[in-house]
Amino acid sequence: MGKQDKDAVMSKLHDAIMNFNEDEARSGAEEAVKSGADVLKAVEVMGDAMSELGKGFEKMEVFLPEIVMASGALKEAMKVLQPEILKLVASGTAGKKRPIVIIGTVKGDVHTVGKDMVATMMMTQGFDVVDLGHDVSPSAFLDKARELSATIIAASALMSTTLPVQKDLIDFLNAKNVRQNFKVMVGGGVATKEWAERIGADGYGQDAIEGVEIAKKLTA
Amino acid sequence: MRNGKREIFLKAIRGEATERPSVACVNQTGTYEQMAALGIKWPDSNFDADLMAGLAIGAHTILDLDAVRVPFCQTIEEEALGCGVLIGDEKNLPSIATHPYDIDMTPHFPEDYLTRGRIPVLCKALKKVKEEVGDEVAVIGGVIGPFTIVGELIGINNFMVATLKHPKMLHEFLRVATKAATQLAQALVQAGADVICIEDMLASMDMISPKIYKELAWPWEEELTSRIAPAPVILHICGRVNPIIKPMIATGAAALSFEPKTDVAAVKLAIQEEGKKIGVIGGIDTMKDLFFGNPEIARASALKAAEDGYDVIAPGCSIPPGATTETIKAMLLQETETC
Ligand SMILES: [Zn+2]
């Protein structure tokens with residue numbers, strides 16, 4: 001397959017995300033693998049498309065159902081691309097090490113939509129993301145982070161009642177004397193930059209796009 | 001305690017002039033400090049009518065607001081329709097854990113709906129609140145909007161996708177949810193509620209587009225509102241609501257409640273353009289002013305809210321339970337403080 005075809009695959013993947021089309025995303029990913037295109041580049045292209053949608057969301061031109069569906073399309077493509085990326089990682093040709101992120105919504109909180117977005121975005125931007133879902137206790141975050149030698153722990157809280165659990169998590173890591181082993185990021189509808197600073201988090205993301213930027217800085 | 005609370009609030013929500021600024025919260029009012037002062041805690045007060053009433057009355061006796069409201073949580077209708085609920089604890093409200101339906105299933109409205117789950121607890125609590133303080137303060141009964149109920153019946157992610165891909169398949173769900181909300185609202189009015197507040201959290205522009213709002217949320221809010229009449233309705237939607245303000249007005253609600261991130265000047269203008277008299281409720285940021293804030297910050301926002309023309313100065317959404325009494329009471333402006 002020539003360069004032109006590879007470019008065509010990339011634009012197909014980009015469009016599949018922009019049009020939140022799962023089938024196109026999956027077949028685009030399959031074509032990318034078959035044609036020997038750069039799979040990391042393919043993931044990045046889809047990530048850029050997600051960022052474009054995210055910017056549209058801020059301007060109220062794109063709405064959450066579209067983002068959720070685009071995210072679903074991206075996950076379909078990742079099912080095809082992820083094994084290829086793991087092969088590259090195993091052979092040492094994936095470029096620099098992919099940092100591992102443990103992400104979840106804190107204990108007592110069942111909101112997942114925003115956290116899912118951050119997880120998806122991080123996946124497209126060079127991170128290996130392990131999503132622990134919702135209602136995640138501090139010890140569950142730590143157990144997984146230890147097991148996988150994670151770089152980042154990202155904790156989301158969507159309610160004023162569960163926001164203090166982000167602080168509990170950091171206090172817990174301090175008490176276990178492992179705080180310095182991980183970068184801790186907090187986010188979610190009710191968190192603020194000041195709050196993140198107050199509780200001693202390493203980073204705060206107001207939305208999925210900013211969250212990824214901060215994660216990149218923390219692992220640079 | 002301030003005087004004339006009930007009358008002032010009931011005038012203010014209709015957009016009528018009042019002798020002093022009305023201050024209230026039309027969403028949940030429970031705080032940890034009130035729980036400590038009253039010796040009534042969560043989770044018990046989300047499951048027992050006397051305790052629910054007891055803590056709700058704190059909004060009058062401790063916070064000195066113009067209205068009291070039950071319930072605190074947003075799970076009662078969903079539970080009665082089959083959602084699994086985590087009971088929460090002393091810090092956290094009940095939350096919804098399981099969603100009984102897939103989009104391709106047919107929802108079922110239980111004929112014994114009003115006797116299921118905690119619906120009798122809520123109705124009894126409201127009746128008790130009315131008996132104890134109903135002459136002094138306005139009593140608000142809270143129900144969940146049909147659109148939001150459906151989101152919980154099938155799970156938010158599937159619901160979001162369905163609004164785009166299979167909007168027609170949501171119709172029967174919305175019908176059932178509207179019936180549930182209507183029956184509960186009517187029961188609460190019968191139990192003595194002066195006002196019904198419909199909280200339709202998922203009908204927010206943080207979740208859906210104006211087009212989806214108009215097609216899938218608005219018609220059912222309108223139906224629900226008209227079935228609650230002649231009792232006045234407060235329609236509360238979280239997040240940014242500027243793009244849907246005209247349909248919100250067209251629901252027939254007496255008053256609209258929203259967060260400060262919505263441009264209130266534009267809302268007032270829209271109401272004027274429609275030639276209606278509708279109360280505007282809000283102006284206080286629940287997190288910045290009440291949770292992270294302090295009395296000075298909350299007071300400054302209350303003054304600004306009065307200046308911006310809010311008819312009821314209120315938190316834009318539920319009071320954060322961790323907010324202090326002192327900070328919340330800083331919203332209570334006196335008549336001399338506004339023009
Ligand atoms: Zn709200």
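The values are calculated or read from the model by the stated rules, or taken from the named source; none is laboratory data. Fair warning: this is a prediction, and the values are worked out from it, not measured in the lab. When we count neighbours, we look across all protein chains shown, and the Cβ atoms used for this are built from the backbone with ideal geometry, even at glycine. In case anyone asks, the SASA skips ligands and DNA or RNA and just uses the protein heavy atoms, side chains included. Shrake-Rupley method; radii C 1.70, N 1.55, O 1.52, S 1.80 Å.
Given the condition closer than 25 Å to B:PRO321 by Cβ, within 13 Å of another protein chain (Cβ to nearest Cβ) and touching a residue at least 24 places away in the same chain (Cβ under 8 Å), answer yes or no: does some residue in the range A:118-133 qualify? Yes: one or more hits.
Residue-level check: of (1) in contact (Cβ under 8 Å) with a residue 12 or more places away in the chain; (2) open to solvent by 40 Å² or more (accessible area, probe 1.4 Å), A:ALA175 misses just (1). Any residue at all in the range B:29-51 that is under 15 Å from B:GLU131 (Cα atoms) and not aliphatic (A, V, I, L, M)? The answer is yes; a qualifying residue exists. Within the range B:285-317, take every residue that is surrounded by fewer than 24 Cβ atoms within 10 Å (Cβ to Cβ) and assigned to a loop (DSSP other than H, G, I, E, B) and give me the one that is nearest to the ligand (Cβ to nearest atom). Among those that are surrounded by fewer than 24 Cβ atoms within 10 Å (Cβ to Cβ) and assigned to a loop (DSSP other than H, G, I, E, B), it is B:ASP285. I'm trying to understand the selection: among the residues of the range B:274-299, which are farther than 21 Å from A:VAL190 by Cβ and without any contact (Cβ under 8 Å) to a residue 24 or more places away in the chain? Across the range B:274-299, the qualifying residue is only B:GLY275. Only one of the listed residues (A:LEU173, A:LEU169, A:LEU142, A:LEU158) is aliphatic (A, V, I, L, M), within 14 Å of chain B (Cβ to nearest Cβ) and more than 17 Å from the chain's Cα centre (by Cα). That residue is A:LEU158. Among the residues of the range A:187-215, write down those that are more than 12 Å from every other protein chain (Cβ to nearest Cβ), under 19 Å from A:GLY54 (Cα atoms) and not charged (D, E, K, R). Once the filter is applied, which keeps residues that are more than 12 Å from every other protein chain (Cβ to nearest Cβ), under 19 Å from A:GLY54 (Cα atoms) and not charged (D, E, K, R), the range A:187-215 yields A:GLY187, A:TYR204, A:GLY205, A:GLN206, A:ALA208, A:ILE209, A:GLY211, A:VAL212, A:ILE214, A:ALA215. Can you say whether B:ILE62 is touching a Ser or Thr at 6+ places or on another chain (Cβ under 7 Å) and either open to solvent by 10 Å² or more (accessible area, probe 1.4 Å) or more than 16 Å from the ligand (Cβ to nearest atom) (or both), as far as the supplied structure shows? Yes.
Taking the range B:228-244 as the range and being within 16 Å of the ligand (Cβ to nearest atom), in contact with a Leu (Cβ under 9 Å, 6 or more places away or on another chain) and open to solvent by 10 Å² or more (accessible area, probe 1.4 Å) as the test, only B:CYS238 passes. Quickly run through the range B:245-254 and pick out the residues that are more than 14 Å from the ligand (Cβ to nearest atom) and touching a strand residue (DSSP E or B) at 6+ places or on another chain (Cβ under 9 Å). Listed by number, the residues that qualify are B:ILE245, B:ILE249, B:THR251, B:GLY252, B:ALA253, B:ALA254. Scanning the range B:14-29 for residues that are in a helix (DSSP H, G or I), away from the ligand (no atom under 16 Å from the Cβ) and either buried (at least 18 other Cβ atoms within 10 Å of the Cβ) or away from chain A (no Cβ under 14 Å) (or both) turns up nothing.
Only one entry in B:GLU172, B:GLU221, B:GLU215 is outside any loop (DSSP other than H, G, I, E, B) and within 16 Å of the ligand (Cβ to nearest atom), namely B:GLU221. Tell me which residues, restricted to the range B:158-168, are under 16 Å from B:PRO100 (Cβ atoms) and open to solvent by 60 Å² or more (accessible area, probe 1.4 Å). Within the range B:158-168, just B:ASN158 meets the criteria. Pick from the range B:194-212 the residues that are open to solvent by 10 Å² or more (accessible area, probe 1.4 Å) and within 17 Å of B:VAL143 (Cβ to Cβ): which of them is nearest to the ligand (Cβ to nearest atom)? Only one residue tops the list, namely B:MET201. Look at the range B:25-36: where a residue is modelled with pLDDT of 95 or more and a partner is in a helix (DSSP H, G or I) and surrounded by fewer than 20 Cβ atoms within 10 Å (Cβ to Cβ), sitting 6+ places away or on another chain with Cβ atoms under 6 Å, you get B:GLU33/B:THR325. Residue pairs whose Cβ atoms lie under 6 Å apart, separated by 6 or more positions or on different chains, with the first residue in the range A:191-220 and more than 21 Å from A:MET46 (Cα to Cα) and the second assigned to a helix (DSSP H, G or I), are A:ILE199/A:LYS167; A:ILE199/A:ILE170; A:GLY200/A:ILE170; A:ASP202/A:LEU218; A:GLY203/A:ILE214; A:GLY203/A:LEU218; A:TYR204/A:LYS193; A:TYR204/A:ALA196.
B:ASP66 meets each of the listed conditions (1) in contact with a Phe, Trp or Tyr (Cβ under 6 Å, 6 or more places away or on another chain); (2) closer than 22 Å to A:VAL110 by Cβ apart from (2).
When B:SER257 is tested against (1) within 16 Å of the ligand (Cβ to nearest atom); (2) polar (S, T, N, Q); (3) surrounded by fewer than 22 Cβ atoms within 10 Å (Cβ to Cβ), only condition (3) is not met.
Of all residue pairs spaced 6 or more apart or on separate chains, those with beta-carbon atoms under 6 Å, a first member in the range B:312-335 that is within 13 Å of another protein chain (Cβ to nearest Cβ) and of a type in the set (A, V, I, L, M) and a second member that is away from the ligand (no atom under 12 Å from the Cβ) and open to solvent by 10 Å² or more (accessible area, probe 1.4 Å) are B:ALA323/B:PHE291.
Can you tell me which residues in the range A:184-220 are open to solvent by 80 Å² or more (accessible area, probe 1.4 Å), among the charged types (D, E, K, R) and under 19 Å from the mean Cα position of the chain (by Cα)? Correct list: A:GLU213, A:LYS217. The number of residues in the range B:263-284 being buried (at least 21 other Cβ atoms within 10 Å of the Cβ) and within 16 Å of the ligand (Cβ to nearest atom) comes to 6.
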